[in-house]
Amino acid sequence: MFRFLSRLRRAAALAGDRIGARLQRNFFVYLAILFTAAALIDAATFNYVVGMRQKAFDAMVRNRLVVAPPADDIVIVDIDERSLAAMAGDYGRWPWPRQVLGEFVEKIAPQRPKAVVFDILFSDADLFNPDSDAYFNEVVAATGNTWFPLVRLDPAQDPLSQLPVDGVPGVRPAGDMAGPPMSIAVILPHFPAVRDAGRVGFNNIWPDPDGIVREYTLRRDEHGFELPSLALAVARGEDPALTAPDRLLINWRGEPFRYPYVSFADLYRDLQREHPTRPAGEFTGKIVIIGSTAPSLFDIKATAVSRQFPGVEILATAIDNLRRGDWLRVPDLPFFYLAITLVILWGTAWAFYRHGASGKLDRVYGLSQFVLIAVAYAAINLANVYINLTGPVMFGFAYYSLARYYAFATARALDASVVARRRSGDGARGCLLLLRFDLPTREEAGLQKLAEALQARCGAAPSAEWISGRQRGLWRLMENTLVLCWLTASGDDRHWQTIRAEADAVAAALPEILQRRPFDAVLPHAALSLGRAEGELAAGDRDWRALLGAALQQMQGAER
């Protein structure tokens, strides 16, 4: 097994050398072209990447720092499990006789609530309590602030319905009609007073394909008529001139149970007392929503902020968003997102092509991704705007991962150092300048900056080498050591003289360079030892090792 793994590793290394020798750094350009084509095709047709926003959106919404507080004038009267149990002795399990809910509406009417909204579908008559239904109908007829839901059935059932769309309470013409109104499949409230008043709206909630509720449908175009949602109908009751999109991205107020909740059983019992103990104006000027959080009534939804979210609070949040106008916006800027994607792709490709894989590139790329995420996070916190940078981040990460792996697998073939270049030619001369800083700490970042500064002064393109990573044992002697390497052909005497003069100039300029920031703090000139060696490289690696040994010996001699 170990022999097999060793052979596999050796084969992979040889394959990397061959591929790298053939493609060199052109691979980074080819890969960028491939990703660019994928981004353009996706933007023009599939929009798959744009559709991947859900997971990133959920994470940002769940972890927002700035969350709008829920409106304090929206109160949820909760038919919870405790209410079902408390009232079961007198009225049985759910559904209760409509008289109970009629008495509730009648009792709180003197407090003059702004609206009483039922998140309960009264679809059928109570055959066992007709008087109870009649009483409830009378109570509703006497009010002007009660609102009820209807259910929009699957449009495929429209041909089976006998209800014309213009016969649905609350609909509005949405365009020119051609011919008689078509039928529509809906479940209306049973009570004539509700239908006559027209204070109804659909309360369907359509989750995203992954089953998570993120958006709320406010209106539907049904055969030339606008069918409003219950949330939109309630909000228009307060502001008839309200404008809103067809769908809104819900600006959640945080985890569930953020709105004021009152247990229905507690409130109902108190209203039945001759002298109620609850505040007399508890619901004055408020929107009272009657719904249920009881799991047994199956009105619990999975949302972006919680997998157990009461449907009645989704309704409350939608009404709250509409009244404040603070639902989340998603700018429709496909070309902007595409432009960011291409900038990231080609910026990263250019960096790989020019400089190869490096720690600096890792840091710059990581910082760029952090900035993109930070911008999106700040926008959703401070401006209620979700900037969907999922596509640029995903394309950038995929490109960077593949390019980084290619750079790792072909590191030997892509090595641009003069030592690697020497292996591809014959008859050369080399010059080494060895800089050793005797310091108590490892200063790799300082060495890298010094290498960049020295290479910028040189016209003969030396390579700079230093040992990165923590070393142990004998190899710690090479920590904080920088080697500048020059290479030229054996017969090029003119270039050789240029290299020697350049090495002399670098050595002479070192004291002045090391006095500048940040070198004066991390690489002090007082800790520097210098060694230099030059000569023919007829035997390749063996001669390089001899040059390095000579430079080390000269440095040791200078230290004495």
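The values are calculated or read from the model by the stated rules, or taken from the named source; none is laboratory data. Quick caveat, the model's predicted, so the values are computed rather than measured. Here Cβ is always computed from backbone atoms with ideal geometry, including for glycine, and neighbour counts include all displayed protein chains.
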* Scanning the range 503-534 for residues that are at pLDDT below 90 and either among the basic types (Lys, Arg) or on the phi > 0 side of the Ramachandran plot (or both), which turns out surrounded by the fewest Cβ atoms within 10 Å (Cβ to Cβ)? -> Arg517
* Structure fact -> Within the range 220-250, the residues that are small (Gly, Ala, Ser), in a loop (DSSP other than H, G, I, E, B) and within 19 Å of Asp320 (Cβ to Cβ) are Ala241, Ala244
* Name the single residue, out of those in the range 435-461 being within 15 Å of Ala503 (Cβ to Cβ) and in a loop (DSSP other than H, G, I, E, B), that is modelled with the highest pLDDT. => Cys458
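On the basis of being surrounded by 19 or more Cβ atoms within 10 Å (Cβ to Cβ) and either touching a helix residue (DSSP H, G or I) at 6+ places or on another chain (Cβ under 6 Å) or of a type in the set (Val, Ile, Thr) (or both), does Val343 make the cut?
Values: surrounded by 19 or more Cβ atoms within 10 Å (Cβ to Cβ): no; either touching a helix residue (DSSP H, G or I) at 6+ places or on another chain (Cβ under 6 Å) or of a type in the set (Val, Ile, Thr) (or both): yes.
Answer is no for this residue.
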* Structure fact -> Within the range 182-228, residues being surrounded by fewer than 19 Cβ atoms within 10 Å (Cβ to Cβ) and of a type in the set (D, E, K, R) number 6
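Limited to the range 163-206, what total is found for residues that are assigned to a loop (DSSP other than H, G, I, E, B) and either of a type in the set (Val, Ile, Thr) or closer than 25 Å to Pro130 by Cβ (or both)? Talk me through it step by step, then tell me what you get.
Here is the first cut: in the range 163-206, the ones assigned to a loop (DSSP other than H, G, I, E, B) are 163, 168-171, 174-182, 184-185, 188-191, 198-199, 203-206.
So of that shortlist, the ones also either of a type in the set (Val, Ile, Thr) or closer than 25 Å to Pro130 by Cβ (or both) come out as 163, 168-169, 171, 184, 188-191, 198-199, 205.
Selection size over the range 163-206: 12.
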* Asked: So which residues in the range 71-100 are surrounded by 21 or more Cβ atoms within 10 Å (Cβ to Cβ), over 23 Å from Arg253 (Cβ atoms) and not aromatic (Phe, Trp, Tyr)?
  -> Ser83, Arg98
* Residue tally, condition closer than 28 Å to Val77 by Cβ and in a helix (DSSP H, G or I), over the range 309-355 -> 14
* Flag if Val194 is of a type in the set (Val, Ile, Thr) and within 24 Å of Phe136 (Cα to Cα) -> yes
* What pairs can you find where one residue is in the range 179-190 and of a type in the set (Asp, Glu), the other is surrounded by 19 or more Cβ atoms within 10 Å (Cβ to Cβ), and their Cβ atoms are less than 9 Å apart, with a gap of 6+ or different chains? -> none
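Restricting to the range 152-183, what's the tally of residues that are within 39 Å of the chain's Cα centre (by Cα) and β-branched (Val, Ile, Thr)? Break it down stepwise before answering.
First, the residues of the range 152-183 that are within 39 Å of the chain's Cα centre (by Cα): 152-157, 170-172, 174-175.
Retained after the next criterion (residues that are β-branched (Val, Ile, Thr)): 171.
Matching residues across the range 152-183 total 1.
Only one of Arg545, Arg494, Arg500 is at pLDDT below 90 and surrounded by fewer than 18 Cβ atoms within 10 Å (Cβ to Cβ); which? Working first, answer last.
Values: Arg494 fails: at pLDDT below 90; Arg500 fails: at pLDDT below 90.
Just a single option satisfies the conditions, and that option is Arg545.
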* **Hey, Thr317 at pLDDT 90 or above, under 17 Å from the mean Cα position of the chain (by Cα), of a type in the set (S, T, N, Q) and not assigned by TED's automatic domain parsing to the domain that holds Phe27 or not** => no
* Scan the range 58-83 and report the pairs whose first residue is among the acidic types (Asp, Glu) and whose second residue is surrounded by fewer than 16 Cβ atoms within 10 Å (Cβ to Cβ) and part of a loop (DSSP other than H, G, I, E, B), with Cβ atoms within less than 7 Å and a gap of 6+ or a chain change. => Asp73/Gly285
* Near pairs, Cβ below 7 angstrom, 6+ apart or cross-chain, from the range 10-36 (more than 14 Å from Tyr353 (Cβ to Cβ) and crowded, with 17+ Cβ neighbours inside 10 Å) to any residue that is of a type in the set (Ser, Thr, Tyr) and modelled with pLDDT under 90 -> Gly16/Thr410
* Asked: Looking at the range 57-71, is at least one residue under 30 Å from Asp126 (Cβ atoms) and assigned to a loop (DSSP other than H, G, I, E, B)?
  -> no
* **Members of the range 126-150 found to be surrounded by fewer than 14 Cβ atoms within 10 Å (Cβ to Cβ) and under 26 Å from Gly311 (Cα atoms), listed by number** => Gly144
* Exactly one condition in (1) surrounded by 17 or more Cβ atoms within 10 Å (Cβ to Cβ); (2) under 30 Å from Phe309 (Cβ atoms); (3) not aromatic (Phe, Trp, Tyr) is not met by Gln157; state its number. => (1)
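Rundown of residues vs (1) assigned by TED's automatic domain parsing to the domain that holds Arg258; (2) outside any helix (DSSP H, G or I); (3) among the basic types (Lys, Arg); (4) under 17 Å from Gln272 (Cβ atoms), yes/no style:
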{"position": "Asp90", "(1), (2), (3), (4)": "yes, no, no, yes"}
{"position": "Pro95", "(1), (2), (3), (4)": "yes, yes, no, no"}
{"position": "Glu103", "(1), (2), (3), (4)": "yes, no, no, yes"}
{"position": "Ile108", "(1), (2), (3), (4)": "yes, no, no, yes"}
{"position": "Leu121", "(1), (2), (3), (4)": "yes, yes, no, no"}
{"position": "Asp133", "(1), (2), (3), (4)": "yes, no, no, no"}
{"position": "Val140", "(1), (2), (3), (4)": "yes, no, no, no"}
* Quick one: which strands (runs of 3 or more DSSP E) sit completely within the range 462-560 and have at least 1 residues that are in the same structural domain as Glu444 (by TED's automatic domain parsing), within 48 Å of the chain's Cα centre (by Cα) and touching a residue at least 60 places away in the same chain (Cβ under 8 Å)? -> 481-489
* Structure fact -> Residues of the range 259-308 being under 31 Å from the mean Cα position of the chain (by Cα), among the polar types (S, T, N, Q), surrounded by 13 or more Cβ atoms within 10 Å (Cβ to Cβ) and assigned to a loop (DSSP other than H, G, I, E, B), in sequence order, are Thr293, Ser306
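Within the range 260-277, how many residues are closer than 29 Å to Asn321 by Cβ and out of contact with any Lys or Arg (no Cβ under 8 Å at 6 or more places or on another chain)? Steps first, answer last, please.
Just the residues of the range 260-277 that are closer than 29 Å to Asn321 by Cβ, to begin with: 260-264, 266-267.
Then keep just the ones that are out of contact with any Lys or Arg (no Cβ under 8 Å at 6 or more places or on another chain); that gives 260-262, 264, 266.
Adding up the residues that qualify gives 5.
Just checking, does the range 183-200 include any residue being closer than 23 Å to Gly291 by Cβ and polar (S, T, N, Q)?
From the range 183-200, those closer than 23 Å to Gly291 by Cβ are 186-191, 193-195, 197-200; that's our starting set.
Okay, now just the ones that are also polar (S, T, N, Q), so none.
So far as the range 183-200 goes, no, none of its residues is closer than 23 Å to Gly291 by Cβ and polar (S, T, N, Q).
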